[in-house]
Amino acid sequence: MTLHRTKIVFALAPAIALLVLLNLGCGGQPAPEVIVTEEHDEHEEERTIQLDESTLEKLGIELAEAGPGTIEISTELPGEVQVNGDRMAHVSPRVGGVAREVYTSLGDTVRQGQVLAVLDSRELADAKAAYLAARERKLLADATFRREERLWRDRVSSEQDYLDARNGLAEAEIELRAAEQKLHAIGFGEEELSQLSEQPDTEYTRYRLTAPFDGEVIDRHITVGETVSAETPVFAIADLSSVWIDLSVYPKDLEKVDRGQPVRVRPANNGFEGDGVIEFVQPLLGEDTRTALARIIAPNPDRRWKPGMFVTATVVTDEAQVGVRVSTTALIRMEDGDEVVFVETNEGFEPLPVVVGRRTRDHVEVLSGLETGDRYIAKGGFSLKAELGKSAFGDDDD
């Protein structure tokens with residue numbers, strides 16, 4: 001079988017404009033026609049594609065010039081999305097009681113101060129009654145002291161009666177302060193204390209659990225009629241507008257990973273990516289995993305980052321100067337497994353096999369196959385690969 005040289009020529013042909021390259025005739029716009037000619041050679045097969053400026057524009061092809069540049073050296077770290085621990089709260093009642101009403105369920109969005117549930121609490125009723133009684137005793141002790149002080153100054157009563165009244169007032173003030181502080185510890189403010197005596201008796205037992213900040217209910221352990229003990233977590237509230245992304249740093253990478261480094265994070269089996277910055281690197285290795293923790297605090301306004309999601313993070317650890325680099329999007333893998341770059345020649349664009357070195361998200365190092373100054377297709381090379389495939393499929397062997 002004789003090897004042959006094939007040249008593929010692209011030209012605009014209005015007469016057959018509906019036979020378009022890659023269906024680019026949409027909207028009534030004319031598209032390039034493929035015309036295939038063959039030149040036989042005993043030693044090699046060369047494929048060249050000719051495109052004019054209008055065709056380049058229609059195909060969305062962008063050109064660039066190969067040359068020296070900087071390649072970022074990076075390492076990949078596994079990780080997991082976590083709830084932001086600084087924006088999560090376990091809500092517990094400060095007194096025991098029986099759940100009378102439960103207003104929120106898993107997944108509900110709540111606002112700061114919103115009532116989550118109401119308990120009937122005998123302990124709360126006792127605390128309120130003790131405060132009101134102490135306040136009345138303090139008022140009585142204050143009146144008694146003022147009377148005894150006046151009588152003592154008028155030398156009507158003894159000094160001992162005056163001292164006993166003063167001592168009784170001091171004890172009443174201490175008792176009132178203790179009862180007041182107990183209600184403060186339960187969650188009562190000064191305004192609520194001032195209105196306490198005006199509340200109906202039915203309110204004395206009602207304890208309201210409220211949200212500490214805006215967030216979402218991510219856990220719930222309370223149902224109507226259930227007896228709940230004091231300090232038992234019944235709700236978990238999390239503000240998911242930001243999350244932690246915890247990365248595992250292996251010992252070999254510890255010297256390369258540091259606070260302030262930019263990171264690109266991509267979830268497993270998902271199409272989006274996100275950029276972040278390392279905020280913290282744990283100085284100690286975990287006993288079980290033998291890895292250190294590196295943490296990213298990631299904004300999450302659209303809730304794309306789900307706690308529990310596994311991710312891979314690419315951390316730029318260094319930079320290197322290379323002789324020739326091209327855009328990563330310029331690399332095209334052909335059916336035979338070769339990686340090529342479409343390079344501009346005098347006759348058109350020719351797919352040249354290249355040997356590549358280090359790769360980044362944006363650039364790749366070219367070890368051989370290109371030279372500084374070569375103009376290449378940086379974006380849109382798959383259009384040319386598709387057309388080469390069409391023409392090769394239609395060729396017959398000699």
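Inter-part distance, region 223-277 to region 94-133, computed on C-alpha centroids, equals 30 Å.
Based on alpha-carbon centroids, what's the gap between region 342-382 and region 142-178 in Å, whole number please? For region 342-382 versus region 142-178, the Cα centre distance is 98 Å.
Close amide H partners of R304, meaning residues 5 or more places away or on another chain with modelled amide H under 5 Å apart, do not exist here. Under the convention that each Lys and Arg Cβ holds +1 and each Asp and Glu Cβ holds -1, the size of the dipole of region 190-272 around its Cα centre is about 860 debye.
Let me check I've understood the local charge: for V281, count other residues with C-beta under 12 angstrom from its C-beta, Lys and Arg +1, Asp and Glu -1. What total comes out?
Details: positive: K256, R259, R295; negative: D246, D253, E255, D258, E279.
It works out to a net charge of -2.
Amide hydrogen proximity for A117: with H placed 1.01 Å from N in the peptide plane, the residues at 5 or more positions away or on another chain lying under 5 Å are Y103, L209. Please check which bits of region 184-204 a label hung off T210 would reach, taking the label as a point 7 Å along Cα-to-C-beta and the cut-off as backbone N under 11 Å. The answer is 187-192, whose backbone nitrogens lie closer than 11 Å to the label point. Accessible surface comparison of T360, T289, probe 1.4 Å, protein chains only, largest first: the order is T289, T360. So what does the Cα-only Debye profile of region 180-261 read at q = 0.11, 0.13, 0.17 Å⁻¹, as log10 I(q)/I(0), no solvent term? Per q value, in the given order, log10 I(q)/I(0) is -0.58, -0.70, -0.93. Karplus-based coupling profile of region 346-356, in residue order and whole Hz: 5, 9, x, 9, 10, x, 9, x, 10, 10, 10, with θ = phi - 60° in 6.51 cos²θ - 1.76 cosθ + 1.60 and x standing for Gly or Pro. If you take the square roots of the eigenvalues of the alpha-carbon gyration tensor of region 323-365 and sort them as a ≥ b ≥ c, do you get rounded (a/c under 1.5), prolate (a/b over b/c) or oblate? Because a/c hits 1.5 or more and a/b fails to exceed b/c, region 323-365 counts as oblate.
The K379 and E273 beta-carbon pair, evaluated with R₀ = 25 Å, returns a calculated FRET efficiency of approximately 0.85.
May I ask for the net charge around L196, where only other residues with Cβ less than 13 Å from the Cβ of L196 are counted and Lys, Arg are +1 while Asp, Glu are -1? List each step's numbers first, then the result.
Working: positive: K128, R135, K182, R206; negative: E136, E180, E190, E191, E192, E198, D201, E203.
Here the charged neighbours net out to -4.
Measuring with a 1.4 angstrom probe and ignoring ligands and nucleic acids, E65 comes out at about 120 Å² accessible. Whole-Hz Karplus values for region 63-77 come out as 9, 8, 10, 5, x, x, x, 9, 10, 7, 9, 10, 9, 9, 10 Hz, taken residue by residue from phi with 6.51 cos²θ - 1.76 cosθ + 1.60 and θ = phi - 60°; glycine and proline positions read x. Between the listed residues L285, T223, L209, the Cα displaced farthest toward the positive end of the dipole of region 170-291, a dipole computed from Cβ unit charges relative to the Cα centre, is found at L285. Here is the size of region 126-208 from its Cα atoms: Rg then Dmax, 16.2, 54 Å. Please state the shape class of region 240-398: rounded when a/c is under 1.5, otherwise prolate if a/b exceeds b/c and oblate if not, all from the C-alpha gyration tensor. Since a/c reaches 1.5 and a/b is larger than b/c, the shape of region 240-398 is classed as prolate.
Report the local net charge at R333: Lys and Arg +1, Asp and Glu -1, summed over other residues whose C-beta lies under 10 Å from its C-beta. Spell out each step's value before the answer.
Numbers: positive: K385; negative: E335, D336, D338, E339.
Its environment carries a net charge of -3.
Sequence-ordered 3J(HN,Hα) estimates for region 210-220 from the Karplus curve with 6.51, -1.76 and 1.60 and θ = phi - 60° stand at 10, 6, x, 6, 5, x, 10, 7, 9, 7, 8 Hz, glycine and proline given as x. Assign one of three labels to region 159-317, namely rounded, prolate or oblate, based on the Cα gyration tensor with a ≥ b ≥ c the square roots of its eigenvalues; rounded applies when a/c is under 1.5, prolate when it is not and a/b is larger than b/c, and oblate otherwise. It is prolate, given that a/c is not under 1.5 and a/b is the larger ratio.
Stretching E371 away from A64 to a fully extended chain increases their span by 109.2 nm, per 0.36 nm per residue minus the current alpha-carbon distance.
The values are calculated or read from the model by the stated rules, or taken from the named source; none is laboratory data. Because the structure is predicted, anything quoted here is derived from the model rather than measured. Methodologically, a virtual Cβ is constructed for each residue, glycine included, from the backbone with ideal geometry; neighbour enumeration extends over all protein chains shown. Surface accessibility is based on the protein's heavy atoms, side chains included, excluding ligands, DNA and RNA. Shrake-Rupley method; radii C 1.70, N 1.55, O 1.52, S 1.80 Å.
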